[in-house]
1. Exactly one condition in (1) surrounded by fewer than 23 Cβ atoms within 10 Å (Cβ to Cβ); (2) of a type in the set (G, A, S); (3) modelled with pLDDT of 95 or more is false for A32; which is it?
2. Just need a number here: residues in segment 81-116 that are farther than 18 Å from A16 by Cβ, touching a residue at least 40 places away in the same chain (Cβ under 8 Å), assigned to a helix (DSSP H, G or I) and not hydrophobic (A, V, I, L, M, F, W, C).
3. When you go through (1) closer than 17 Å to Y217 by Cβ; (2) in contact with a Cys (Cβ under 6 Å, 6 or more places away or on another chain) one by one for T38, which number turns out not to apply?
4. Can you tell me how many residues in segment 170-186 are surrounded by fewer than 10 Cβ atoms within 10 Å (Cβ to Cβ), among the acidic types (D, E) and either in contact with a helix residue (DSSP H, G or I) (Cβ under 8 Å, 6 or more places away or on another chain) or within 16 Å of A151 (Cβ to Cβ) (or both)?
5. Which one of these is modelled with pLDDT under 95 and under 30 Å from A25 (Cβ atoms): T157, T238?
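The values are calculated or read from the model by the stated rules, or taken from the named source; none is laboratory data. This is a predicted model, so every value here is computed, not measured. Cβ atoms come from the backbone with ideal geometry, glycine included; neighbour counts cover every protein chain shown.
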Amino acid sequence: MKILALDTALNACSVAILDGDNVQAHVHEKRARGHAETLMPLIQDLMKSCGTQFSDLDLIAVTVGPGTFTGLRIGLAAARGIALAAAKPCRGITTLEALAASVPANVSQGRPIIATADARRREIYAQVFSDGQSAGLMAPQTEPIALPLVAADSFLTMDEALIIGSGGPLLAAHPDFDAKRFQISDLDPDPDAILVGRLAATRPIPRPSDGPPAPLYLRAPDAKLPGGKDPAPAGEPTDRS
């Protein structure tokens with residue numbers, strides 16, 4: 001299966017083209033801004049470098065959040081546009097799934113994985129996953145949430161865990177954080193498109209009736225429309241088919 005995978009949800013611009021287990025082309029560059037100007041030229045350059053046409057693709061994969069409002073919209077708009085123009089299915093993968101999947105089994109060592117992202121306003125996005133890396137599987141143990149840092153102790157109730165993502169240092173700064181029970185990972189805090197594509201390959205191919213993947217918002221965005229209205233409701237669901 002040939003997959004074009006994208007991520008612009010947080011602080012990176014990541015694109016990968018995969019053919020089965022083979023990574024044909026890949027770019028993962030740190031970028032807090034400028035995703036809109038960077039993404040499509042990156043895609044075009046990578047497609048050209050490996051001699052791939054959009055018609056050759058079997059699936060488009062993209063992160064759907066949680067993340068920044070603007071970053072999510074850029075990645076989703078590109079993925080939806082390519083999928084529509086090339087008549088290809090499009091699969092959404094959450095940023096927290098992709099982060100949890102980046103933890104090797106020898107690093108997690110059987111511990112639960114808490115995938116996090118800095119949500120600003122003294123909140124983090126967080127979700128707990130079981131360590132199934134040795135079997136090539138990963139199962140969510142909780143729903144993704146937007147967690148106020150003041151309530152971190154009510155979330156960190158397991159005996160031990162490995163914490164990955166940009167929310168980790170914020171949790172570690174909490175007065176009640178127990179460093180003996182919880183380890184902060186130094187792995188990349190941004191999703192890599194390679195893992196986005198590999199996760200998408202394990203899921204059923206979306207049907208035309210499923211519609212395009214939708215952004216996962218766990219709270220209302222900071223930006224407001226005229227009149228103070230939110231651009232989208234908090235908790236807008238993502239495609240999970």
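1. Against the list (1) surrounded by fewer than 23 Cβ atoms within 10 Å (Cβ to Cβ); (2) of a type in the set (G, A, S); (3) modelled with pLDDT of 95 or more, A32 comes up short only on (3).
2. Qualifying residue count, segment 81-116: 1.
3. (1)
4. Initial filter on segment 170-186 (surrounded by fewer than 10 Cβ atoms within 10 Å (Cβ to Cβ)): 175-176, 179-180, 186.
From what is left, the residues that are among the acidic types (D, E) are 176, 186.
Subsequent filtering for residues that are either in contact with a helix residue (DSSP H, G or I) (Cβ under 8 Å, 6 or more places away or on another chain) or within 16 Å of A151 (Cβ to Cβ) (or both) retains 176.
Qualifying residue count, segment 170-186: 1.
5. On the way: T157 fails: under 30 Å from A25 (Cβ atoms).
One residue alone meets the criteria, T238.
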